[in-house]
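The values are calculated or read from the model by the stated rules, or taken from the named source; none is laboratory data. This one's a predicted model, so the numbers in the text were calculated from it and none came from an experiment. When we count neighbours, we look across all protein chains shown, and the Cβ atoms used for this are built from the backbone with ideal geometry, even at glycine.
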Protein chains: 2
Amino acid sequence: MTFVRDNISRLAGYVPGEQPQAGKFIKLNTNENPYPPSAKVIDAVQVAAQKLDRYPDPVSTAFRMAAAEVLNVDPEWIVCGNGSDDILTILTRTFVDQGDLIRLPDPSYILYRTLAEIQGADYEEVRFQEDWSLPESFSAPDPRLKLVFLPNPNSPTGTMVNQQEILELADRLPCPILIDEAYVDFAEFNCIDLVKQNEKIMVSRTLSKSYGLAGLRFGFLVAQPSMVEQLLKVKDSYNCDSLSIAGATAAISDQAWLQDNVAKIRSTRQMLQEKLSQLGFEVIPSQANFVWCSHSTVEVKPIYEYLKENRILVRYMSYPNWKEGLRISVGTDDQINACLSLIQSKV
Amino acid sequence: MTFVRDNISRLAGYVPGEQPQAGKFIKLNTNENPYPPSAKVIDAVQVAAQKLDRYPDPVSTAFRMAAAEVLNVDPEWIVCGNGSDDILTILTRTFVDQGDLIRLPDPSYILYRTLAEIQGADYEEVRFQEDWSLPESFSAPDPRLKLVFLPNPNSPTGTMVNQQEILELADRLPCPILIDEAYVDFAEFNCIDLVKQNEKIMVSRTLSKSYGLAGLRFGFLVAQPSMVEQLLKVKDSYNCDSLSIAGATAAISDQAWLQDNVAKIRSTRQMLQEKLSQLGFEVIPSQANFVWCSHSTVEVKPIYEYLKENRILVRYMSYPNWKEGLRISVGTDDQINACLSLIQSKV
């Protein structure tokens with residue numbers, strides 16, 4: 001293709017997890033929530049559907065105010081996005097010039113590499129240590145380094161870097177660091193309070209996972225106002241539509257629903273981890289709504305394929321620098337039991 | 001701001017038309033449709049609201065199939081976007097490297113300049129000629145030229161470049177040209193068929209104007225499949241949410257609603273143009289759902305302000321290379337008559 005930038009021509013493109021548009025699958029492959037969202041979300045969307053002729057609020061004020069209350073920050077510290085992928089794109093375009101460097105842990109979310117490639121930037125992957133902490137080199141200075149991505153909890157492992165370590169990282173780094181908290185509602189702590197302590201620390205969230213709203217496309221960032229001011233210039237003027245703003249505002253206002261949902265997911269996660277261990281898998285204790293497992297003697301790709309033949313989708317992932325394994329999203333107890341039964345017959 | 005790219009620091013940021021979030025205004029400033037959308041859209045959104053826990057279809061297949069039927073192209077020729085602004089962003093990121101050049105007519109849509117600036121590219125504005133055709137220099141070769149934007153109908157003028165001229169332009173240009181047809185449903189012709197004749201020609205559309213769905217954020221691009229393949233790599237994986245895909249699919253499937261709506265807007269546009277002329281304004285005949293007017297003896301900024309005091313918003317625009325004037329969106333007959341009465345008292 002003659003007209004396209006070289007970095008785009010070379011790009012394989014990010015391939016999201018399979019989303020079968022037809023047929024009945026048990027989907028345990030893209031970390032969606034197995035439970036329907038709060039009924040208040042559906043009500044809010046249905047009301048908003050009656051007023052679509054006007055442009056949406058460019059900065060999603062209603063959501064910012066509701067989220068500010070829940071998170072104990074000012075509304076001016078929040079940037080809303082069309083999913084947290086939009087937030088990641090905005091950050092890349094704000095901080096990273098062509099030829100600059102983005103750093104990320106290995107293994108982690110593959111989209112970070114794609115974002116670097118689209119921007120014409122390089123990326124550097126730094127391997128986690130055995131105990132899932134980060135080595136010194138993750139905060140090593142580099143004049144080209146302009147943005148660091150740190151998913152926390154991480155995917156596919158579900159592990160976390162602790163707050164003290166993140167504060168020290170941010171101190172040493174020459175650039176902003178994004179703590180991607182897509183899965184943090186399922187974890188024991190989060191890093192929102194760290195944003196106040198160092199302007200280099202920014203935190204992103206999504207409503208796709210813990211709020212059961214993957215179809216709504218709504219995410220947000222918490223950052224200091226001096227950062228927010230710059231990021232708002234780069235986002236599309238109307239990046240969130242009227243429906244998603246209304247739904248997201250209702251969702252974050254219903255914290256009782258969230259607490260109940262998170263309790264159920266954590267309980268099923270515990271069961272999934274225990275049973276996988278009993279089946280001989282190596283299981284990393286997860287703080288997210290998925291579990292990573294590998295096996296020292298059994299090949300797991302055939303298990304992934306066998307599950308798929310039986311209409312259960314999980315994620316098979318193979319990391320050249322690390323290992324291969326399955327990432328299984330935490331579904332309902334029934335879904336997980338169905339999945340485990342099939343796995344049991346193959347190990 | 002230390003961490004931000006220089007081009008972003010320097011950027012003033014695109015300022016969309018005023019969107020008062022409270023109070024009762026007659027909004028004739030952002031070219032929204034004064035009529036509510038097809039009831040089928042509301043129904044489709046309300047159904048989709050009941051299934052938000054799963055990720056949306058990454059390529060909006062349902063919409064592509066419906067639009068393909070209406071436009072007489074294959075679904076593979078269509079890229080869907082979170083508003084046509086998203087399409088413009090995707091095009092810029094696909095074709096334009098830092099330091100490259102984007103060309104656009106002057107005057108035109110201010111966002112094109114912002115997109116160039118965010119990308120770290122330069123932009124070159126080429127003045128329309130007296131008869132609103134483009135000069136030879138609009139297709140002049142330049143090794144840095146990687147993308148050309150041509151809104152057709154143009155904003156703020158509502159004028160069009162004809163098909164033959166566009167074909168010749170594309171032949172001479174060294175790069176793709178985006179025909180931005182945001183307003184084309186109100187016009188007498190469009191350029192979809194030209195896409196088949198030259199792979200450099202691409203056409204974008206939005207549902208914000210003629211379908212009355214500014215709040216939905218849905219736009220799309222028609223381009224040859226070799227182009228589409230590259231553009232899909234650059235868009236966010238899930239750039240359109242389940243609600244907007246459902247609503248947009250219902251909207252484009254209801255062509256009877258569209259024809260009826262367009263007939264009403266054209267009739268009111270004719271009335272608005274005639275009365276503005278009678279009040280001594282210079283009016284350019286418009287093919288869009290807005291009318292641009294200027295005045296040789298009366299200053300128009302005070303008129304804009306007077307209208308605003310009386311809760312009618314129009315767009316005041318001042319182009320250093322050209323002139324100042326008012327861009328008035330075509331509302332209902334009642335809205336336009338209310339606006340005209342106030343204007344009459346000031347000229």
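Within region B:187-209, the set of residues being touching a residue at least 60 places away in the same chain (Cβ under 8 Å) and buried (at least 24 other Cβ atoms within 10 Å of the Cβ) comprises B:202, B:204, B:205, B:206, B:208, B:209. The number of residues in region A:93-108 that are of a type in the set (Val, Ile, Thr) and under 16 Å from the mean Cα position of the chain (by Cα) comes to 0. Helices (runs of 4 or more DSSP H) fully within region B:247-347 that include at least 1 residues being within 21 Å of the chain's Cα centre (by Cα) and among the small types (Gly, Ala, Ser): B:255-278.
Please find, within region B:217-241, the residue that is surrounded by the fewest Cβ atoms within 10 Å (Cβ to Cβ) out of those that are part of a loop (DSSP other than H, G, I, E, B) and within 9 Å of another protein chain (Cβ to nearest Cβ). It comes out as B:237. For the structure I just gave you, tell me whether residue B:62 is of a type outside the set (Asp, Glu), out of contact with any strand residue (DSSP E or B) (no Cβ under 8 Å at 6 or more places or on another chain) and assigned by TED's automatic domain parsing to the domain that holds residue B:150. Judged against the criteria, residue B:62 is a match. Residues that are at pLDDT 95 or above, within 21 Å of the chain's Cα centre (by Cα) and not in a helix (DSSP H, G or I) within region B:109-126 comprise B:123, B:124, B:125, B:126, listed in sequence order.
Every residue, every condition in (1) modelled with pLDDT of 95 or more; (2) closer than 30 Å to residue B:343 by Cα; (3) touching a strand residue (DSSP E or B) at 6+ places or on another chain (Cβ under 9 Å), yes or no:
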position	(1), (2), (3)
B:201	yes, no, yes
B:204	yes, no, yes
B:218	yes, no, yes
B:261	yes, yes, no
B:266	yes, yes, no
B:276	yes, yes, yes
B:301	yes, yes, yes
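Among strands (runs of 3 or more DSSP E) entirely within region A:143-216, having at least 3 residues that are in contact with a Gly (Cβ under 7 Å, 6 or more places away or on another chain) and within 11 Å of chain B (Cβ to nearest Cβ) singles out no element at all.
Scanning region A:23-33 turns up one or more residues that are in contact with a Cys (Cβ under 8 Å, 6 or more places away or on another chain), more than 22 Å from residue B:90 (Cβ to Cβ) and not hydroxyl-bearing (Ser, Thr, Tyr).
Select from region B:75-102 the residues that are assigned to a helix (DSSP H, G or I) and polar (S, T, N, Q) and list them in ascending order. Outline the logic, then answer.
So the first thing to find is which residues in region B:75-102 are assigned to a helix (DSSP H, G or I), and the list is B:75-77, B:84-95.
Across region B:75-102, the qualifying residues are B:84, B:89, B:92, B:94.
When B:83, B:99, B:17 are screened for being over 22 Å from residue B:158 (Cα atoms) and facing another protein chain (nearest Cβ under 10 Å), only B:99 passes.
Test residue A:244 against the stated conditions and say whether it is under 19 Å from the mean Cα position of the chain (by Cα), under 28 Å from residue A:91 (Cβ atoms), modelled with pLDDT of 95 or more and in a helix (DSSP H, G or I). Answer is yes for this residue. Scanning region B:20-50 for residues that are assigned to a helix (DSSP H, G or I) and either more than 8 Å from chain A (Cβ to nearest Cβ) or under 22 Å from the mean Cα position of the chain (by Cα) (or both) yields B:39, B:40, B:41, B:43, B:44, B:47.
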